[in-house]
Amino acid sequence: MREAPRQLAFDLPLDPRYGREDFLVSPSNEQAYALIESWPEWPDNILLLTGPRGSGKSHLAAIWAESAHAWTIDAFEVTQDKVPHLISNGALAIEDMDEADRDEAALFHLLNLARERKAFLLLTSETPPDRWNIRTPDLLSRLRLAPSVSLGAPDDALLKAVLVKLFVDRQLVVDTSVVDYIALRIERSLARAAELVTLLDKEALSRGRRVSRAIAAEMLGAAQEADEIE
């Protein structure tokens, strides 16, 4: 039998859904979600949100930004000349605080001005401040004193729910047995779940078939081999 011709799979961008209704609450993230929802009744004007890549930090930051009418920027965008303008909005979310490219003097000025003007700051990072290699002692001290909440690795229920949501977002019909199979074998990471669903979507489209357990097994095997090579 001749093999069916493979179809071209176009790599079309899929915008992530960051609405409140799209956030799936589970034991791994319920404390962080509750604290975000409690704004403006925070214990301090600064909140540090930590968790592994793909755990939902950006999603929670987007939920808070909508409620607080906050601006959202990356840590490298904080420079001395921009600090007064950034604080003028009264609420600011700063993503990826643990990235190496930071202006520490500007960040220290930002924290001080935010406290002075009672502006709210939400800072996201994968790791706590002690692991950011900060060279400015006063900045590190301020960050250590800020209240923080962590997002944990997803539990089984959350991982399965996220997989289902990712498939639905791509309008893919997948049996629950396939979702269960993937959830048992994938790394406990929402980011990895998103990467795998993207690969499965492309592969199923190129073959002109539905996402099956066999295709999932192939993609999981290929991903594992790629990780071992790296």
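Do you know which of the residues in the stretch 210-222 that are over 17 Å from T176 (Cα atoms) and surrounded by fewer than 17 Cβ atoms within 10 Å (Cβ to Cβ) is modelled with the lowest pLDDT? So the residue we want is A222.
Among the residues making up the stretch 17-26, a single one is open to solvent by 40 Å² or more (accessible area, probe 1.4 Å), touching a residue at least 12 places away in the same chain (Cβ under 8 Å) and assigned to a helix (DSSP H, G or I): R20.
Based on what the data block shows, is T124 open to solvent by less than 10 Å² (accessible area, probe 1.4 Å) and in contact with an Asp or Glu (Cβ under 9 Å, 6 or more places away or on another chain)? First the steps, then the outcome.
Working: open to solvent by less than 10 Å² (accessible area, probe 1.4 Å): yes; in contact with an Asp or Glu (Cβ under 9 Å, 6 or more places away or on another chain): yes.
Taking the combined requirement at face value, the residue satisfies it.
Per the conditions (1) open to solvent by less than 20 Å² (accessible area, probe 1.4 Å); (2) within 20 Å of the chain's Cα centre (by Cα), the sole criterion not satisfied by A100 is (1). The set of residues in the stretch 162-192 being surrounded by 17 or more Cβ atoms within 10 Å (Cβ to Cβ), of a type in the set (G, A, S) and at pLDDT 90 or above consists of A183 alone. Of the set (1) closer than 27 Å to A161 by Cβ; (2) in contact with a strand residue (DSSP E or B) (Cβ under 8 Å, 6 or more places away or on another chain); (3) open to solvent by 50 Å² or more (accessible area, probe 1.4 Å); (4) not hydrophobic (A, V, I, L, M, F, W, C), all apply to N89 but (1). Restricting attention to the stretch 158-211, the residues being part of a helix (DSSP H, G or I), touching a residue at least 60 places away in the same chain (Cβ under 8 Å) and out of contact with any Leu (no Cβ under 9 Å at 6 or more places or on another chain) number 5.
Would you please name the residue that is most open to solvent (accessible area, probe 1.4 Å), looking only at residues in the stretch 137-156 that are assigned to a helix (DSSP H, G or I) and in contact with a helix residue (DSSP H, G or I) (Cβ under 9 Å, 6 or more places away or on another chain)?
Of all residues in the stretch 137-156, those assigned to a helix (DSSP H, G or I) come to 137-145, 156.
Now restrict to residues that are in contact with a helix residue (DSSP H, G or I) (Cβ under 9 Å, 6 or more places away or on another chain): 138-140, 142-144, 156.
Values: D138: 95, L139: 3, L140: 28, R142: 92, L143: 8, R144: 144, D156: 80 Å².
Among residues in the stretch 137-156 that are assigned to a helix (DSSP H, G or I) and in contact with a helix residue (DSSP H, G or I) (Cβ under 9 Å, 6 or more places away or on another chain), the one most open to solvent (accessible area, probe 1.4 Å) is R144.
The values are calculated or read from the model by the stated rules, or taken from the named source; none is laboratory data. What you see is a predicted model; the values in this text were computed from it and never measured. In this analysis, Cβ positions are derived from the backbone assuming ideal geometry, glycine residues included, and neighbour counts consider all displayed protein chains. These accessible areas exclude ligands, DNA and RNA; they are computed on the full protein's heavy atoms, side chains included. Shrake-Rupley method; radii C 1.70, N 1.55, O 1.52, S 1.80 Å.
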